[in-house]
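Contents: one structure, followed by commentary.
The values are calculated or read from the model by the stated rules, or taken from the named source; none is laboratory data. Given the structure is predicted, the values throughout are model-derived calculations rather than measurements. Methodologically, a virtual Cβ is constructed for each residue, glycine included, from the backbone with ideal geometry; neighbour enumeration extends over all protein chains shown. All accessible areas refer to the heavy atoms of the entire protein, side chains included, with ligands and DNA or RNA removed. Shrake-Rupley method; radii C 1.70, N 1.55, O 1.52, S 1.80 Å.
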Amino acid sequence: MIDRALIIGAGGFVGDYLIEYLAKNNADEIYATKCSDQKYNNANARIYNLDILDKESIISLLYEIRPTHIFHLAAQSSVGVAWKNPALTIDVNIKGSVNVLDAVRELYYKPRILLIGSGEEYGHIKTDEVPIREDNHLRPGNIYAATKACQNMIGAIYAQAYDMDLMQVRAFNHIGPGQAPLFVVSDFCKQAAEIEKGLREPVIKVGNLMARRDFTDVRDVVRAYCLLVEKGKAGETYNVGCGKAVYINDILTMIISKAHVNISVEVDQSKIRPVDVPIIEADITKIEETIGWTPQISIEQTIEETLEYWREHI
């Protein structure tokens, strides 16, 4: 049972889905934070402004709310943005997370904490390492991945050194309606919807289509998060993914097949990353055995609903 849930960084893609899940599953009280410049509201949660680079503000908030469960979602989560602004990514993902952990350490009780990492942490995977287990060697291939790997190592140290009731996840690519077009599936769906409405030429601009990624619906992901803060083992890291990687090209083909017009494809060099990991695929045995979680929503359903989202919002 989750008594008082605090979601740090609820103004991003996952926040609304997590709040909705908690509200439907009888969390007693739900609190959430956003950046002061974000326009964000949710009727199911009490919203606070919070700068995670200001440790004293975090301490004050924790003493006011006294959360029993903390979901630390706040992050600079775009790989593309991380290449362009590594300093911001380091500040938010490493310094911000340390501030949260230090603030929790000063409490006189132990809330359950979930730190959100990424499947990108594994980086350059060898052929015989796929699917990737949690104990696999980390070889981050981009700035974002490096910051999340660092967060995970720091989280493990805090859990052990200060006896924190802290669990961590490496969440693989999660997708769904409402995701920003910085991310590949939402980007392709938005372009397709704009083409259908005659707002752009019938060409989808793409980057590397031969990368293989493990995609999970965001609603399955937040269900995993909630089960983990209730049933997960302190000090452990869990993969959250679907357990099957698909080519970006197959995603694109699926989207084009669902479009109402003929669409061609063109490579946009600005969408090509300096370094791109060929395959990322999760081994989800650990989370399946620990909390009984498996994904339930198919990628076809997620793509269809994401495309419909953009059709309604353009």
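Across region 149-188, what is the number of residues that are among the polar types (S, T, N, Q), assigned to a helix (DSSP H, G or I) and in contact with an Asp or Glu (Cβ under 8 Å, 6 or more places away or on another chain)?
1
With the structure loaded, tell me whether GLU312 is under 30 Å from MET1 (Cα atoms) and free of Cβ contacts under 8 Å to residues at least 24 places away in the same chain or whether it fails that test.
Against the criterion (under 30 Å from MET1 (Cα atoms) and free of Cβ contacts under 8 Å to residues at least 24 places away in the same chain), GLU312 does not qualify.
How many residues does region 124-143 contain that are closer than 26 Å to ALA234 by Cβ and touching a residue at least 24 places away in the same chain (Cβ under 8 Å)?
Residues meeting the conditions: 4.
Can you find even one residue in region 228-243 that is more than 25 Å from ILE154 (Cα to Cα) and either open to solvent by 10 Å² or more (accessible area, probe 1.4 Å) or not charged (D, E, K, R) (or both)?
Yes, there is a match, as at least one residue in region 228-243 is more than 25 Å from ILE154 (Cα to Cα) and either open to solvent by 10 Å² or more (accessible area, probe 1.4 Å) or not charged (D, E, K, R) (or both).
I'm trying to understand the selection: among the residues of region 43-69, which are β-branched (Val, Ile, Thr) and part of a strand (DSSP E or B)?
ILE47
Quick check on region 34-41. Is at least one of its residues under 25 Å from VAL185 (Cβ atoms), surrounded by 24 or more Cβ atoms within 10 Å (Cβ to Cβ) and in contact (Cβ under 8 Å) with a residue 12 or more places away in the chain?
Scanning region 34-41, I find no residue that is under 25 Å from VAL185 (Cβ atoms), surrounded by 24 or more Cβ atoms within 10 Å (Cβ to Cβ) and in contact (Cβ under 8 Å) with a residue 12 or more places away in the chain, so the answer is no.
Let me spell it out: the conditions are (1) modelled with pLDDT under 95; (2) closer than 20 Å to ARG66 by Cβ; (3) of a type outside the set (Ser, Thr, Tyr), and ASP165 meets all of them except one. Which number is the exception?
It is condition (1) that ASP165 fails.
Can you find even one residue in region 98-121 that is open to solvent by 10 Å² or more (accessible area, probe 1.4 Å), modelled with pLDDT of 95 or more, over 23 Å from ILE7 (Cα atoms) and in contact with a helix residue (DSSP H, G or I) (Cβ under 8 Å, 6 or more places away or on another chain)?
No: zero hits.
Do we find that ALA32 is more than 22 Å from SER77 (Cα to Cα), outside any loop (DSSP other than H, G, I, E, B), modelled with pLDDT of 95 or more and of a type in the set (Gly, Ala, Ser) in this structure?
Here the answer is no, as ALA32 does not meet what is asked.
When only residues in region 244-264 that are β-branched (Val, Ile, Thr) and out of contact with any strand residue (DSSP E or B) (no Cβ under 6 Å at 6 or more places or on another chain) count, which is most open to solvent (accessible area, probe 1.4 Å)?
That would be THR253.
Give the residue, chosen from LEU53, LEU62, that is among the aliphatic types (A, V, I, L, M), within 20 Å of GLU106 (Cβ to Cβ) and open to solvent by 60 Å² or more (accessible area, probe 1.4 Å).
Just a single option satisfies the conditions, and that option is LEU53.
Since ASN85 meets every condition but one in (1) open to solvent by less than 60 Å² (accessible area, probe 1.4 Å); (2) within 20 Å of the chain's Cα centre (by Cα), which condition does it not meet?
(1)
Residues that are farther than 30 Å from GLN160 by Cβ: find the strands (runs of 3 or more DSSP E) completely inside region 229-282 holding 1 or more of those.
The strands (runs of 3 or more DSSP E) meeting that bar are 245-247, 264-267.
Any residue in region 189-211 that's over 13 Å from LYS258 (Cβ atoms): show its pairings with residues that are among the small types (Gly, Ala, Ser) at Cβ separation under 6 Å, as long as the two are six or more apart or on different chains.
VAL203/SER264
Which ones in region 1-26 are open to solvent by 20 Å² or more (accessible area, probe 1.4 Å), touching a residue at least 12 places away in the same chain (Cβ under 8 Å) and out of contact with any Leu (no Cβ under 8 Å at 6 or more places or on another chain)?
MET1, ASP3, ARG4, GLY11, PHE13, ASP16, TYR17, GLU20, TYR21, ALA23, ASN25, ASN26
Taking region 124-148 on its own, how many of its residues are part of a helix (DSSP H, G or I) and crowded, with 21+ Cβ neighbours inside 10 Å?
Number of matching residues: 6.
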